[in-house]
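The values are calculated or read from the model by the stated rules, or taken from the named source; none is laboratory data. Fair warning: this is a prediction, and the values are worked out from it, not measured in the lab. Positions of Cβ are backbone-derived with ideal geometry, glycine not excepted, and every protein chain shown enters the neighbour counts. Surface areas here come from the heavy atoms of the whole protein model, side chains and all, with no ligands, DNA or RNA. Shrake-Rupley method; radii C 1.70, N 1.55, O 1.52, S 1.80 Å.
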Amino acid sequence: MPLIKNGEFADDNWILVGDEDELPADTPVIVSAARWQAERETLLGRNAPLGVKLEAGEAPELIADDLDRFQLVAVNFPAFKDGRGFSYASLLRDRYGFDGEVRAVGEVLRDQWSLMVRCGFDAFDVADGTKIDAFKEALGEFSHVYQATGDGKKTVWQLRHGG
Amino acid sequence: MYRYDEFDHTLVKERVTQFRGQVERRLAGDITEDQFKPLRLMNGVYLQLHAYMLRVAVPYGTLSGKQMHMLADIATKYDKGYGHFTTRQNIQYNWPALSDIPAILDDLASVEMHAIQTSGNCIRNVTSDQYAGAAAGEVDDPRIWSEIIRQWSTFHPEFTFLPRKFKFAVCGMNEDRAAIRFHDIGIEVVKGKDGAPAFDIYVGGGQGRTPMIGHLIGEAVPAVDLIAYLESIMRVYNMNGRRDNLYKARIKILVHALGAEEMKRQVEEEFVHVKEKGVVNLPEEEIARIRAYFAPPAYEALPDESSALNEAMADNKKFADWVKTNVAEHKADGYAIANISLKPVGGVAGDASDDQMHVMADLATQYSFDELRVTHEQNIVLAHVKKDDLFALWQGLEKAALGTPNLALITDHIVCPGLDYCALANARSIPISQEIAERFNDLDRQHNIGELKVKISGCINACGHHHVGHIGILGVDKKGTEFYQISLGGSADENASVGDILGPAFTEDEIADAIETIVETYIKIRQEGERFIETYRRVGKEPFKETLYATH
Ligand code: HEM
Ligand code: SF4
């Protein structure tokens, strides 16, 4: 699957490993929160970056104390209608101050990208054939925003009053 | 009323462009109907039984004359010459073509209107009191706060894919005309400790198949904290609301499962964090800017008594009848609030033709500072009419068949579209409403009965508010035949209650008789000056059950 990171296609050198799969050596891996909790010591002993994947229903609180161990948090969208991950990304960035990669995986629609970026996602697994122009266009559809999020964009309320 | 500035204009225009792209991608087959569905829903486009339906937002029900003229023009140009005013204070068009919808949105945008978030699992159009700014005793104009909530909730990045739709209502005083206790979040403006506006926040009210009355969890929340508090509720709901079962996904189910105390605790815990971040701020200057749009209009200094009005009432019984039911007290001397009933006997509740919309718009311009409100009971309000002008206004309404004198009487119903339009319906609602209205057509009889709110839904989803009708009627399906179940004693105001189901359902042929029996029972047992709902609260359902099922 192609990866878009910070608005451009990027190489994806992360490997998502299942709970039963063997851990590859010296390669960045993404594991489930359950595996992280079960094999914490082994995972920390590896000599490669570590990522964790949150399923819908696994709020970031679950890994909040360990966030400095991860370079990446993937948030899974089992269906595009399931919007829990929007709150997870907001919490990761705003509450827990996570500054690694926050990647949206699973079923994500084009029309959700710009909202996701506002919530703190900076990377997206996208469908084969996705064009980078479509991504840029989707992000540029609105010039202004009303809500303050962690992305630091000035809100309409601030712009109106010279803030 | 509120006017767009460059920012609001830009956003709505960009939205039209975005939606045009989405329609094009759908028509070209780039996205499936399943993927298009949430996108079109978020823009008010439903698929009904026979065609697409477009729901246009009328934020907190307030419109200018120019906007009402545009709604009429759209009805002429893209629909069958009429529109339907709804319980969400919005307007719906039942027959637009999907390919025309971007053009309709362009027309709407030209008068600062849109269809954003009128459906879908997002924060819907905010509703409010139709007497806002005109009722005596108001703590503050609820439209100021409704507009702030409208802006904050528009394309909210975090809360656009909620477990289920989410409805806000705001009222500005303790008399509740906005049914705030039956909304996901209901807000009442109260006086804070410092005398400034603050907010009592109710959460978890709703109708549908499990009607529930909202719980007060935030008391006198100050204005600076309003948005942070709302964000906290939304976040708790977005993360914890059920997503496995469509019928259990509303916030009311979460609040019920957790208990109001625990819900409050979770919200307040979240609130501490949200506030700490300080990103969710509502600048004082912005409140002041929005407040200025809702400053009272330039009332003339008038005596409260109008001899012109008194004379016209003495001379014309028909006019006097209309004044008696459809005109309410205004806070300014010499002014009144005029209600236009969209419930003529034999008509469809909430429908208005393009010509009628033009007439209402012109009358608003002439007599009510160019402003109209849609009510959640599917009528229209002109909020600031000089008493001296009421007779002329009424004559104008009469000419367009808009002078029906039945506000809050037994022929003024809330009615859902039912089986005539809706794909989910069990039974027809509109013909039942028409039959009841015809049965009680006699105006003296209606006056004798007094205030009696009848609300009709064609299925358990309760779009017609039957749970909160003094008399509620619910269409049910029994082996392919339409039946109607009656409940009594519901109320959507500050004394909120859910109606009690009386007993076995009635057929279409029996329902008007059954309503008549209930009404006759009430008339027999009521005490001096007692409204139907008060009698019901005093005696309960037994006397009604007895007479109703004895005669069958
Ligand atoms: C296409 C026709 C319609 C469909 C398919 C439809 C669908 C639904 C459904 C499924 C519910 C239950 C929601 C729940 O409990 O989670 C509902 C409730 C409701 N709908 Fe509709 N509806 C339709 C027309 C309308 C109209 C015309 C209005 C008026 C604007 C309306 C206003 C409401 C209201 C006020 C409720 C109950 C309040 C609440 O949300 O708890 N609906 N509708
Ligand atoms: S109450 Fe039922 S029949 Fe009536 S509009 Fe709602 S979903 Fe349709």
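Run the dipole for the stretch A:3-159 about the Cα centre, Lys and Arg Cβ at +1, Asp and Glu Cβ at -1, nothing else charged, and hand back the magnitude in debye, nearest 20.
My answer is approximately 680 debye.
Provide the buried accessible surface between chains B and A in square angstrom, both chains summed, 1.4 Å probe, rounded to the nearest 100.
Adding both sides of the contact gives about 3700 Å².
If each residue of separation counts as 0.36 nm, what is the full-extension length gain between B:Ala220 and B:Ala401 once their alpha-carbon separation is subtracted?
That works out to 60.7 nm of additional length.
Is the shape of the stretch B:413-551 rounded, prolate or oblate, going by the alpha carbon gyration tensor and its root eigenvalues a ≥ b ≥ c, with a/c under 1.5 for rounded and a/b larger than b/c for prolate?
prolate
Ignoring any ligand, DNA or RNA, what whole percent of the accessible area of the protein assembly as shown comes from carbon and sulfur when the probe is 1.4 angstrom?
Answer for the protein assembly as shown: carbon and sulfur cover 49 percent of the accessible area.
Quick one: what do you get for the stretch B:8-140 if you divide its Cα Rg by 2.2 N^0.38 Å?
Normalised Rg, Cα atoms only: 1.09.
In whole angstrom, note down how far apart the Cα centers of the stretch B:248-314 and the stretch B:208-230 are.
10
How high is the relative contact order of the stretch A:3-159, given as a whole-number percent (alpha carbon pairs under 8 Å, six or more residues apart)?
19
Based on the mean of other Cβ atoms within 10 Å per residue, sort peptides B:519-530, B:12-23 so the most packed one is first.
Peptide ranking by packing, descending: B:12-23, B:519-530.
Where Lys and Arg each count +1 and Asp and Glu each count -1, what net charge lies around B:His50 among other residues with Cβ under 15 Å from its Cβ?
Charge balance in the 15 Å sphere: 0.
Report the Cα-based extents of the stretch B:307-399 along its three principal axes, largest first, to the nearest Å.
35, 27, 21
Any idea what the dipole of the stretch B:144-280 comes to, in debye rounded to 20, about its Cα centre with Lys/Arg Cβ at +1 and Asp/Glu Cβ at -1?
Roughly 640 debye, rounded to the nearest 20.
Expressed as cubic angstrom per residue, what is the convex hull volume of the alpha carbon set of the stretch B:219-367?
It comes to 239 Å³ per residue, whole-number rounded.
Between the chain alone and the structure with every protein chain in place, find the residues of the stretch B:153-179 that drop at least 50 Å² of accessible area; heavy atoms, 1.4 Å probe.
B:Pro157, B:Glu158, B:Phe161
Let me know the Kirkwood hydrodynamic radius for the stretch A:90-163, please, with Cα pairs as the basis and the value in Å to one decimal.
13.6
Normalised by the empirical 2.2 N^0.38 Å for globular proteins, what value does the Cα Rg of the stretch B:134-293 take?
1.00
Pairs to check: B:Lys37/B:Lys277; B:Lys193/B:Lys264; B:Lys80/B:Lys317. Give those whose C-alpha atoms are more than 25 Å from each other in this structure.
Checking Cα-Cα distances, B:Lys37/B:Lys277; B:Lys80/B:Lys317 exceed 25 Å.
Would you mind calculating the relative contact order of the stretch B:1-130 from Cα pairs under 8 angstrom and at least 6 residues apart, reporting the percent as a whole number?
Relative contact order comes out at 33 percent.
Alpha carbon centre of the stretch B:98-177 versus the stretch A:75-97: separation in Å?
If we compute the Cα centre of each part, the gap is 26 Å.
Treating the Cα atoms of chain B as identical point scatterers in vacuum, please give the log10 of the normalised Debye intensity I(q)/I(0) at q = 0.06, 0.10, 0.11, 0.12 Å⁻¹, two decimals.
With one equal scatterer per Cα and no solvent, log10 I(q)/I(0) is -0.28, -0.83, -1.02, -1.24.
Counting only heavy atoms of the protein chains, get the accessible area per residue of the stretch B:484-544 (1.4 Å probe) and round it to a whole Å² value.
42
Can you tell me the FRET efficiency between B:Glu435 and B:Ser307 if r is taken as the Cβ-Cβ distance and R0 is 35 Å, rounded to the nearest 0.05?
The pair B:Glu435/B:Ser307 has a calculated efficiency of 0.25.
Within a 10 angstrom radius of each residue's Cβ in A:74-86, how many Cβ atoms of other chains show up on average? Whole number is fine.
4
Ranked from highest to lowest mean number of other Cβ atoms within 10 Å per residue, what is the order of the peptides B:415-427, A:24-36?
For the peptides B:415-427, A:24-36, the packing ranking is B:415-427, A:24-36.
Average the reciprocal distances over every distinct pair of alpha-carbons in the protein assembly as shown, invert the result, and give the Kirkwood radius in Å.
27.1
Rounded to two decimal places and with Rh computed the Kirkwood way over Cα pairs, what is Rg over Rh for chain A?
Ratio of gyration radius to Kirkwood radius: 0.99.
Would you mind getting me the FRET efficiency between A:Asp99 and B:Asp315? Use the beta-carbon distance for r and R0 = 60 Å, nearest 0.05.
0.15
Output the antiparallel fraction of DSSP beta bridges having both residues in the stretch B:413-551, as a percent to the nearest 5.
Antiparallel bridges make up about 65 percent of those DSSP assigns within the stretch B:413-551.
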